[in-house]
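No lab work stands behind these numbers, since they all come straight from the coordinates. What you see is a predicted model; the values in this text were computed from it and never measured. With ideal geometry, Cβ positions are generated from the backbone for all residues, glycine too; neighbour counts draw on all protein chains shown.
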Amino acid sequence: MTGRQVFPPLTLRAEGLSCGRGGMALSQDLVFSVPSGQCLLLRGANGAGKSTLLLTLARIIRPLSGSFGIDGADEDMPLIHYCGHRNAIKPRLSVCENLDFWRTMNGANGVSSQAALARVGLGHLGDLDAGFLSAGQTRRLALARLLVSLRPLWLLDEPTAALDVDGHALVGQLIDTHLAMGGMVVAATHDPISLSKAEQVQTLQLGAVS
Amino acid sequence: MIDLGPHAAFIVWAYLGVLLAIFGLIGWILYDGRRTARKLAALEAQRPAR
Amino acid sequence: MNAFVRMLTHELRLALRGGGDVLTLVLFFVIVGAIVPFAIGPDQALLARIAPGIVWIAAFLAMLLGLERLFRPDYEDGSLILLRHAALPFSLTVAAKIAAHWLVSALPLIIASPILAMLLAMDGEAFWRSILSLLLGTPALAAFGAVGAAVTVSIRRGGLIAPILIAPLSIPVLIFGVGAITGQQAQAAMLFLAALSLMALALAPFAAALAISSAED
Amino acid sequence: MSIDTAPKQSWWNRIAHPGQFVRWTQPLLWPLTAITVALFLVGLWFALFNSPQDYQMGDTVRIMYVHVPNAWLSQFVYGTMAVSALGTLVWRHPMADVSMKAAAPLGALFTALALFTGALWGRPTWGTFWEWDGRMTSTLVLLFIYLGIIALWRAFDDQLRAARIVAVFTLVGAINIPIIKFSVDWWSTLHQPASVFRADGPRMPPSILTPLMVMFAAFTFLFVVLQLKAMHTEIKRRRIATLQRRVAQGQPA
């Protein structure tokens, strides 16, 4: 994975952002700015609103107040990869078919499916039906989806869930490579994410609403 | 009541039906309103408004 | 454009690899049609007269049955959120899903309708007209079905509500569908049916996409 | 690409806030009720005592004074729901959600009353309670759409999220209602000759027209009053839901 700069300089900016579900504010007046090459870790107890914030940034949920946006991005180019708890994998389709589908749907400007599978350690399972994958392997397949289409902003919800020890290392490497390419990552996780350059990491603590 | 002609029954039933339905609707809306207000008051009392 | 085709083949592959789906829909269609003579009696003349209606009711019910497969599986495994981020505009994705739904649930019925025509003592001329009216009308059923499915996708027991919402919208399709087979102004009804399908196919993807994106997960 | 959600302070937005809406409309309730009652009294007096028999139908024309306003209201209420649906989808106006939800049961009842009085009117004139004629059938379909919308509202547990989805269906319904009406009319004329008696008659002498207009106004005001009252209750219900969630969230957090 070359270290060259792929994405234009972008910044994810949020001012006074408060988001919640059903009119209930879970996190309030958030202010953060994530320039290219930076990773924002969301920490907080269960139910502190980490997933809700990620879904709000992914434009799935409307924010209750405040505003956020990506400066320096042209409007029509798709910018966001969202990787939630559910892996969006069809058990009856083979691993390759699943990945190829997302590669075509999200724009095939990333690595080839085979290379992505190899990168996440599923290279030898291409033709296996996805139903036979273990939870950790399915999670890796979901991560492979981030590689086949290049998008600047990654929104990861518990990326290391169900992953073994070298799975954690894999997530760290993937984020490292993405940041090196000038991408941005917002990850909600409880486990420590080991990145090569510590200064790239910002942490946002989400606590109970006062 | 004036003579309503041979089909008086239908006329009476029509007006009676509409009247009953309307009063039923008004009654339900008032009852529902009062019940919700009472429940809201209870909740507000039990929990000091922030 | 190939994203649209890819979405269509993805949906078809899922449905066909599922195996059972297509077969059950066709069986349901034939069984609903075949039950009627038991209920109404074997009198050929009567059956022939009401045959177009039965064919349409069986098609309508069979397509309702196939609706659950339209958005719910994608909603439950998280694909729906990702599809909203896809390069393909979401309403086009929904349009691909509607097309796949039509190919999986309506086309097999039309292919199987000769069986029903025979059971219900339909004469040749009415049979061909019913094939044509089914071809023209079922896209509208698929489109309204998609709107009903999209509106109820985020409700836990949404499957029960969808048919109630779709039935009133499908009444014009049934009226013109059956009207296109028998009756004096069959020609006019056929044209209205085609117009209705075009209108429904044009409206449904946007309405369904809006309904799903308003679900706010 | 950032979206601005700071509320603009125009009139339109000020009644958007539930508390403001209640404060503005609460004082209107009693005067409106008074007007409604007055209109009903005048209307009933005209309808029952002071209007002539119809040359053709005799006294059964009096049922029209109750039937036609209900039939018209069933369409008018759906119209307000469609406008509220637009308010919800396009301007995200919170009061639009509330008004859409409050109007559905009222619309359903008026449609049911239109069918009920229509049937009672049909019996003496056409000889049967139910006649598959174009107008009555499309009113029946409209009732199904209303009941479908009410069922849809009740199916959601989170009412705030439900509003936009029900709004989409209400608009799809609004587009389809004229189509349904047209197809049902076409269908009914196809299957039997036009019903012998045209409901609204060739022309209406003023002596019949005035009671009809008064009853029109009475029913419309009745709808407005009940709609406002139902909206106030719905606002309280939403307030309760928020409080209960806050209490639930208050404990564990």
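Numbers for the structure displayed
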quantity	calculated
Principal axis dimensions, region A:113-167 - Cα atoms, whole angstrom, descending	30, 22, 19
Sequence of D:LYS101, D:LYS236 once ranked by neighbouring C-beta atoms within 10 Å, starting from the fewest	D:LYS236, D:LYS101
GNM flexibility winner over chain D from D:ARG62, D:ARG154, D:ARG135 (Cα, springs under 10 Å)	D:ARG154
Per-residue ³J(HN,Hα) for region C:203-209, Karplus 6.51 cos²θ - 1.76 cosθ + 1.60, θ = phi - 60°, Hz, x for Gly and Pro	7, 4, x, 6, 5, 5, 4
GNM result for chain D, Cα springs below 10 Å: residue of D:ILE240, D:ILE15, D:ILE175 fluctuating most strongly	D:ILE240
Residue among D:SER207, D:SER138, D:SER74 with the largest mean-square fluctuation in a Gaussian network model of chain D, springs linking Cα atoms under 10 Å	D:SER207
Chain D pair-distance distribution - Cα-Cα, 5 Å bins, rounded %	1, 6, 11, 14, 15, 14, 12, 9, 7, 5, 3, 2, 1, 0, 0, 0
Hydrodynamic radius (Kirkwood) for chain A, which is based on Cα pairs only, to one decimal in Å	17.5
Extension reserve of the A:GLN173-A:THR203 stretch, reckoned as 0.36 nm per residue once the Cα distance is removed	9.0 nm
Span per principal axis, largest first, for the Cα atoms of region C:40-142 (Å)	56, 23, 16
Rg [Å, one decimal], Dmax [Å, integer] - region A:141-210, C-alpha atoms	12.5, 42
Sequence of A:LYS197, C:LYS97, A:LYS90 once ranked by neighbouring C-beta atoms within 10 Å, starting from the fewest	A:LYS197, A:LYS90, C:LYS97
Inter-chain Cβ neighbour average for residues A:100-108, partner chain, 10 Å	6
Coarse-grained scattering of region C:93-132 at q = 0.27, 0.34 Å⁻¹, given as base-10 log I(q)/I(0) from a Debye sum over alpha-carbon atoms	-0.83, -1.05
Within 10 Å of each Cβ in C:201-213, the average number of Cβ atoms from other chains	3
Cα-based Rg / Dmax (Å) for region A:3-42	13.8, 43
Beta bridges by DSSP in chain A, antiparallel share as percent, to the nearest 5	45
Value of D in µm² per second that Stokes-Einstein yields for the protein assembly as shown, Kirkwood Rh from Cα pairs, at 25 °C (0.890 mPa s)	84
On Cα atoms only, tilt of C:90-101 relative to the major axis of chain C in degrees	30
Mean residue ellipticity (222 nm) of the protein assembly as shown, computed from DSSP H runs ≥ 4 via -39,500 (n - 2.57), nearest 500	-22000 deg cm²/dmol
Kirkwood Rh in Å, taken over region A:80-150 so that all alpha-carbon pairs contribute	11.6
Contact order relative to length of region C:121-177, as percent, for alpha carbon pairs under 8 angstrom and 6 or more apart	39
Convex hull of region C:145-217 built on C-alpha atoms - directionally averaged projected area, nm²	5.0
Per-residue average of Cβ from other chains inside 10 Å of D:174-182	4
Sorted by Cβ neighbour density within 10 Å, fewest at the top, the residues A:ASP176, A:ASP191	A:ASP191, A:ASP176
Within straight-line cross-link reach of A:LYS90, aspartates and glutamates at Cα separation under 18 Å, skipping those fewer than 8 residues along the same chain	A:ASP100, A:ASP127, A:ASP129, C:GLU11, C:ASP21, C:GLU68, C:ASP74, C:GLU76, C:ASP77
Pairwise FRET efficiency - D:THR242 versus A:ARG43, Cβ, R0 = 22 Å, nearest 0.05	0.20
Added length on full extension, which subtracts the Cα-Cα distance from 0.36 nm per residue, D:TRP72 to D:TRP132	19.7 nm
With eigenvalues of the C-alpha gyration tensor scaled by 5 and rooted, chain C, Å	32, 17, 15
Hz values of 3J(HN,Hα) by residue in region C:102-119 - Karplus curve (6.51, -1.76, 1.60), Gly and Pro given as x	5, 5, 7, 9, 8, 4, x, 5, 5, 5, 8, 5, x, 4, 5, 4, 5, 4
Compactness of region D:26-164 as Cα Rg over 2.2 N^0.38 Å, two decimals	1.27
Angle in degrees between helix C:158-179 and the longest Cα principal axis of chain C, rounded to the nearest 10	40
Mean separation of Cα contacts under 8 Å (6+ apart) over length of region C:2-211, as relative contact order %	26
